[in-house]
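The values are calculated or read from the model by the stated rules, or taken from the named source; none is laboratory data. Since the model is a prediction, treat every value here as computed from it, not as a measurement. Backbone-built Cβ (ideal geometry, glycine too); neighbour counts: all protein chains shown. In case anyone asks, the SASA skips ligands and DNA or RNA and just uses the protein heavy atoms, side chains included. Shrake-Rupley method; radii C 1.70, N 1.55, O 1.52, S 1.80 Å.
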Amino acid sequence: KFINGTKMKQKIIICGAGRVGLSITEHLSNEGFDITVIDSNVEAIQKVTELYDVQGVLGLASFPNILEDAGIQDADMIIAVTQSDEINIAACQIAKSIFSTPTMIIRIRSKQYLNPKYSDFLLKSLGVNRIISPEDEVATAIVNQWRTPGAFDVAEFARNSVTMLGVSCKNDCPILDTPLRNLISLFPGLTVTVMAIIRGNKLIVPRGGEDIILSGDRVYLACPTNQIHRTLTAFGHLETTAEKVTISGAGAIGIRVAEEIHKLSPETNLTILELNREVARHAAETLEYATVIHGDSLDPEIITEARLGQGETYIAATNNDEVNILSSLLAKRSGASHTVALINLPVFIPLFNSLDLEGVVSPPNLTASSILQEVRSGQIEHVHSIIEEFGDIISFEALKSSSIIGKPLKDLRLPKDVTLGAIVKKDDEILSPRGDTIIEAGDMVVMFVPIKSMKKVEELLSVNLDFF
């Protein structure tokens, strides 16, 4: 958007200042967007305006006058992520029909609205550009962790040819205290790059191959999707996909996880634990192939009844973070080899490494990643916010106009806290980036970018992270 020849900041209105709204606000405000946040909670508005350089408007986003107060008439995009599907739908409908807002992203939770018969109406009649379904995305992330038990975080990039793995390094990790540059000689033919190391609450970005991994580190790495098993083995993880899975929580996410696991592996033994009797009855009717137990997942007798044993996976998918953490610990003590827990509050995530728990899935992070990917349409293929919220892993196609084309990586002026994880050539060859590697136009690049460096990366790569 230009006024009198001057490029103006893109204006985005975010409806909802909950965990997802805060995460999106943090990312986009740091990238220089003009952000206004609407929420009906005084404390939420006060918090978001104190934390970030954004405008706040108190009120319901479904009211035309509130949207107008937020500047909807000049907005380029509206992102509706309140806790209410109906408010989100109404806000987008008003934005489109009254104010002709060009771009709309909406979060929908209810499965009824997500029925293709009705979701098509939202997309076509209301002109919504993207519907984000947290439950579907969370269920997919949980199932990916069940299939990849050695990783606490999993995401695919570059047309699914490259996989990002979040790996906990324990005392038996074969490469402890070894400079990362030695990975090539230790594991010939293994194409793996460590993009970020989380040590306690500190982010370490490897530079030059001299960094070492210590016991207790949480490592984010990139590898070819067909080398996942070998990569996990190199980092000391020999776990295999469990043939028996116990799921705590028979809500929307728990049901979808069970359905997806059964679809992928009908022979897998499924057990569902649910505290609410009516919800348990509904699950038993819906999932005829699963054993449903009505009871408290924090009750040792219920865990015993579920017969958790060695080599089995326990998935904590209730809507209570504390229950998910404690029941995962109880499941481990009862014999489960692998746990995956749903965690909404970021403050609990660092506990997992110290408690010797494995997988964690953050619904706010997943939802924010999907929305950020839509906002940064351009050449961005995929965005994944790492669960510690230090930054994003992105994949994009290198453009001819980019300043990184045709130069050795060692000569590029990338920010020091940015790391390249993989380069996928036009012939699908996957390279681990090295100092003399040259990126060519059309290559797919996988990269870790801290939030504060995203704008700089946009400028250097000539990648259009805006929505125009």
Heavy-atom surface of the chain, accessible at 1.4 Å and reported per residue (Å²): 43
Distant-in-sequence amide H partners of THR437 (H built 1.01 Å from N, under 5 Å): LEU409, LYS410
Distance from the range 280-306 to the range 186-256 (C-alpha centre basis), Å: 31
Cα Rg, Dmax (largest Cα-Cα span) when computed across the range 65-132, Å: 11.3, 34
Extension reserve of the LEU58-LYS407 stretch, reckoned as 0.36 nm per residue once the Cα distance is removed: 120.7 nm
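Tell me, what is the percent relative contact order of the chain, built from C-alpha pairs under 8 Å that lie six or more residues apart?
With pairs under 8 Å counted, the relative contact order is 12 percent.
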Unit charges at the beta carbon, dipole of the chain: most positive-side option, SER453, ILE343, VAL143: SER453
Packing-based ranking, highest mean first, of 290-299, 249-258, 427-436, 89-98 given that Cβ atoms within 10 Å are counted: 249-258, 89-98, 290-299, 427-436
In sequence order, calculated HN-Hα J values of the range 207-218 (Karplus, 6.51, -1.76, 1.60; Hz; x Gly/Pro): 9, x, x, 8, 5, 10, 9, 10, 4, x, 5, 10
Cα-based reach from LYS425 at 19 Å (exclusive), listing aspartates and glutamates while leaving out same-chain residues under 8 positions away: GLU156, GLU381, GLU397, ASP436, GLU440, ASP443
Computed over the range 248-341: relative contact order in percent, which uses C-alpha pairs under 8 Å that are six or more apart: 27
Size of electric dipole in the range 259-371: Cβ of Lys, Arg +1 and of Asp, Glu -1, about Cα centre, debye, nearest 20: 180
Computed label-point distance, nm, for sites ILE184 and GLU288 using a 7 Å Cα→Cβ extension: 5.7
Label-point separation, ARG230 to ASN115 (7 Å along Cα→Cβ), nm: 4.9
Rounded if a/c under 1.5, otherwise prolate or oblate - the range 141-195, Cα gyration tensor axes: oblate
Hull volume in cubic angstrom per residue (convex hull over the Cα atoms of the range 205-255): 175
Fully extended contour minus Cα-Cα distance, from THR240 to ASN160, at 0.36 nm per residue: 26.7 nm
Relative contact order for the range 30-137, counting Cα pairs under 8 Å that sit 6 or more residues apart, in percent: 19
Sorted peptide list for 399-407, 146-154, 34-42, 238-246, criterion being average Cβ within 10 angstrom, highest first: 146-154, 34-42, 238-246, 399-407
Under Karplus coefficients 6.51, -1.76 and 1.60, residue-wise ³J(HN,Hα) of the range 173-190 in Hz, glycine/proline x: 5, x, 10, 4, 6, 10, x, 4, 5, 7, 4, 5, 6, 6, 10, x, x, 8
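Report the calculated FRET efficiency for ASN201 and GLU301 (r = Cβ-Cβ distance, R0 = 51 Å), to the nearest 0.05.
0.85
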Lone cysteines, the chain (no partner Cβ under 4.7 Å): CYS15, CYS92, CYS223
DSSP-defined beta bridges in the chain - what % are antiparallel, rounded to 5: 50
With eigenvalues of the C-alpha gyration tensor scaled by 5 and rooted, the chain, Å: 35, 32, 19
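About its Cα centre, what dipole magnitude does the range 318-468 give when the only charges are +1 on Lys and Arg Cβ and -1 on Asp and Glu Cβ, stated in debye to the nearest 20?
Values: 14 positive and 21 negative charges, 69 e Å.
Taking the Cα centre of the range 318-468 as origin, the dipole is about 340 debye.
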3J(HN,Hα) from dihedral phi, the range 226-232, Karplus parametrisation 6.51/-1.76/1.60, rounded to Hz, x for glycine, proline: 7, 10, 4, 4, 5, 5, 4
18 Å Cα-Cα reach of LYS124 towards aspartates and glutamates, excluding residues that sit fewer than 8 places from it in its own chain: ASP85, GLU86, GLU374
Gyration tensor verdict on the range 375-456 (Cα atoms; rounded if a/c is under 1.5, prolate if a/b is larger than b/c, oblate otherwise): prolate
Charge dipole (debye, nearest 20) of the chain; +1 at Cβ of Lys and Arg, -1 at Cβ of Asp and Glu: 1000
Given LYS416/LYS455; LYS244/LYS332; LYS9/LYS407, the pairs whose alpha carbons are separated by over 21 Å: LYS9/LYS407
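Expressed as a whole percentage, what fraction of the accessible surface of the chain belongs to carbon and sulfur atoms when a 1.4 Å probe is rolled over the protein heavy atoms?
That fraction is 50 percent.
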